[in-house]
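Quick note: the coordinates plus some simple rules give every number you see, no bench work behind them. Here the structure is a predicted model, which is why all the values come from computation and not from measurement. Here the Cβ is made from the backbone with ideal geometry for all residues, glycine too, and neighbour counts use every protein chain on show.
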Amino acid sequence: IYPPAGNFFALNIDGLSKLIVLFVGFFGFMYALYSLSYVTKEKRLISYYSYFLITLGASFGAALSDNMILFVFFWGLLGLTLYKLIKGYDEASSSAAKKTLVLIGASDSILILGIGLLFKLSGSYHMSEINLTTTSAWANGAFICLLIASFTKAGALPFHTWVPDYVEKAPASTSALLPASLDKLLGIYFLARIIINLFTLTSWATLMLLIVGGITIIAAVMMALVQHNFKKLLGYHAVSQVGYMITGLALGG
């Protein structure tokens, strides 16, 4: 932790956060290369690159923050850039942007509730200082609130519906950056933090994660099979991959 834990701006620089920062940087670099040719068609170059850079900065901030209030700031900022990057292209993309904003915004509100419960139970807002067991009703409530935020960001069932719509209706460059890579990466990163740092899982919590992971894998693949729109098919396949990640974390945790 740097500066020392307890500082509002403390950074949690461990192996997991380093790995996530590496992948965020890699995805951002590849996205920038793709944008060199794609954004020549863009009418809003300044806003396009502005939101792109804000997205990268917020992703780095979320991956490194130890203070959960600071984490929520960066986490919520990603929801806004997700909305702004496609709003206004056409009627279909604006509709997808509104749906995404509602779902992500609702999950962020639940995340804030979960963080409040964590503070009530642990007396700290710092991830490095919190470790609860999912045995009491309050701890279970906090655990479920944080899971909902993680699942919505990553696109796991039953909070996945924004991902296929976004991928179908958003420009290819935007859908490649957010629901297909950064949002999924950060959603799974937060799930890993929940399992590794914030909670010691009991058998029921592990079983619940395995069930959600399994249902996400099977249901998303089945939904992908009946799609006639190629981009929407890819969106459902992206959702199914989240199921594998959840299952792996549940077994490893």
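Annotations
- Low-density loop cleavage sites - chymotrypsin sites (Phe, Trp or Tyr not before Pro) in the stretch 161-253, where at most 14 other Cβ are within 10 Å (DSSP): none
- Residue of SER240, SER175, SER136 that the Gaussian network model of the chain assigns the largest fluctuation, springs spanning Cα pairs under 10 Å: SER136
- Evaluated at q = 0.07 Å⁻¹, a Debye calculation over the C-alpha positions of the chain (equal weights, vacuum) places log10 I(q)/I(0) at -0.23.
- With neighbour counts taken as other beta-carbon atoms within 10 Å, the residues ASP183, ASP108 rank, fewest first, as ASP108, ASP183.
- Per-residue HN-Hα couplings for the stretch 241-249 [Karplus 6.51, -1.76, 1.60; θ = phi - 60°; Hz; x = Gly/Pro]: 5, 4, x, 4, 5, 4, 4, x, 5
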